[in-house]
Amino acid sequence: IYKNYMNRIEKTVSSLSKSDQKEVLLEFNSHIYEGLTRKHKGNETNQLLDILDKLGEPGRF
């Protein structure tokens, strides 16, 4: 799930400079990591799906 989401982000930002691409990917990784470190009811997969849902579709940002 995570890898698929990150691949979609990479495709979305591929027209940006390499440094901007890296910055965007690091920012999303940071949001995902922070979300996973918070206490959450349920399993890790559901937690990840909830985080990605809140971040939204890569093509829309």
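The values are calculated or read from the model by the stated rules, or taken from the named source; none is laboratory data. Since we're looking at a predicted model, the values are computed, not measured. Using ideal geometry, Cβ is built from the backbone for each residue, glycine included, and neighbour counts are taken over all protein chains shown. Quick note on the areas: whole protein, heavy atoms, side chains included, nothing else; ligands and nucleic acids left out. Shrake-Rupley method; radii C 1.70, N 1.55, O 1.52, S 1.80 Å.
Looking at segment 1-40, the accessible area is 78 square angstrom per residue; that uses a 1.4 Å probe and ignores ligands, DNA and RNA. Straight-line cross-link reach from K41 at under 25 Å between alpha-carbon atoms covers these lysines, not counting any fewer than eight positions away in the same chain: K3, K54. Taken over the Cα atoms of the chain, the convex hull encloses 68 Å³ per residue. With θ taken as phi - 60° and the Karplus curve 6.51 cos²θ - 1.76 cosθ + 1.60 applied, the whole-hertz 3J(HN,Hα) list for segment 45-61 is 5, 5, 5, 5, 4, 5, 4, 5, 5, 5, 6, x, 5, x, x, 9, 8 Hz, x standing for glycine and proline. Only Lys, Arg, Asp and Glu carry charge here, each on its Cβ (+1 for the first two, -1 for the last two); on that basis the chain has a dipole of about 100 debye about its Cα centre.
For the chain, the fraction of 1.4 Å probe accessible surface lying on carbon and sulfur atoms is 49 percent. Helix 18-37 and the long axis of the chain differ in direction by around 0°, with both axes built from C-alpha atoms.
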